[in-house]
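S.K.: Just dropping this structure here.
Since every read-out is calculated from the coordinates, none of them should be taken as a lab result. Since the model is a prediction, treat every value here as computed from it, not as a measurement. Methodologically, a virtual Cβ is constructed for each residue, glycine included, from the backbone with ideal geometry; neighbour enumeration extends over all protein chains shown.
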Amino acid sequence: MRRFLIAGNWKMNTTRQSGVALAGELAAVAANYDPAVEVLVCPPHPYLIPVAEKLGGSAVQIGAQDCYFQAPGAFTGEVAVEMLKDCGCRYVILGHSERRHVLGETDEIINRKTRAAISGGLHVILCVGELLSERQAGQTEEVLDRQMQGGLSGVTEAEAEHLVIAYEPVWAIGTGVTATPEQAESAHEHLRNWLASRYTPAFSERVRILYGGSVKADNAETLLGQANVDGALVGGASLKASTFVPIIEAACKLSTRT
Ligand code: 13P
């Protein structure tokens, strides 16, 4: 069975003080959910080190929200994979819709970052998802296929073992509008079938596919209860322990269900 991954994407939020305090609260409770649920936080780059120090040897993992694909060198403002590893990161989020649609990242850039991150020893959470206009035009699966094909171009099955997919419909991010469990499951099933045909069916069964987009305590259990939903990538609700921990609890409850 795939182990649930509940990941908090803090985006460009928190201060050093509030981020470290949140990490401390999560570290204190994470052992209650380990090993049933893997918990991850992805703070802004400047807070990676103090947050990692606070998490210490706890069950909470740390990841980054982006990286660059080049080795260290003359790339002003960018952060290399080995720097993230040096800060204690185990994961990196790539291809988030805000990077695609606000910062203009292409599938080609996301692919270069994905390959660099995996070969540098990080696990990649590759985000894919359609715009509202694309869903309304019936293009959801076509968009997902294009983003998967582009993002994973040249990535072998052995490399893809270090991959997590996050389905984040853009219209559900930060809007309070969540995909219905049926919409999420349908997209996740499509993504798993894509992985089965691009790689192998056995491999596709091992890959975790997270849902992201207005996940909250009150909708987590139904979303996580879908057969192909293996966790959540949480934005707003990951910024407070009081809203994030219930999502971890929902995953824990489902994972022990027979
Ligand atoms: P919200 O949970 O705030 O909708 O954000 C989702 C997201 O983009 C996580 O990466």
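S.K.: Is at least one residue of segment 184-193 within 14 Å of the ligand (Cβ to nearest atom), within 18 Å of the chain's Cα centre (by Cα) and closer than 30 Å to Thr156 by Cα?
M.R.: yes
S.K.: Right, another one. With the requirement that a residue be part of a loop (DSSP other than H, G, I, E, B) and in contact with a strand residue (DSSP E or B) (Cβ under 9 Å, 6 or more places away or on another chain), what does segment 60-98 give you?
M.R.: Selection gives Gln65, Asp66, Cys67, Val79, Cys87, Gly88, Cys89, Arg90, Gly95, His96.
S.K.: If you don't mind, there's one more thing I want to ask. How many of the residues making up segment 119-160 are more than 15 Å from the chain's Cα centre (by Cα) and assigned to a loop (DSSP other than H, G, I, E, B)?
M.R.: Result for segment 119-160: 12.
S.K.: Going through segment 209-232 one residue at a time, which ones are of a type outside the set (A, V, I, L, M) and either without any contact (Cβ under 8 Å) to a residue 40 or more places away in the chain or not in a loop (DSSP other than H, G, I, E, B) (or both)?
M.R.: Tyr211, Gly212, Lys216, Asp218, Asn219, Glu221, Thr222, Gly231
S.K.: Select from segment 225-258 the residues that are within 14 Å of the ligand (Cβ to nearest atom) and aliphatic (A, V, I, L, M) and write down the one among them that is nearest to Ala21 (Cα to Cα).
M.R.: Leu239
S.K.: Thr114 - would you say it is of a type in the set (Ser, Thr, Tyr) and touching a Leu at 6+ places or on another chain (Cβ under 6 Å)?
M.R.: Here the answer is yes, as Thr114 does meet what is asked.
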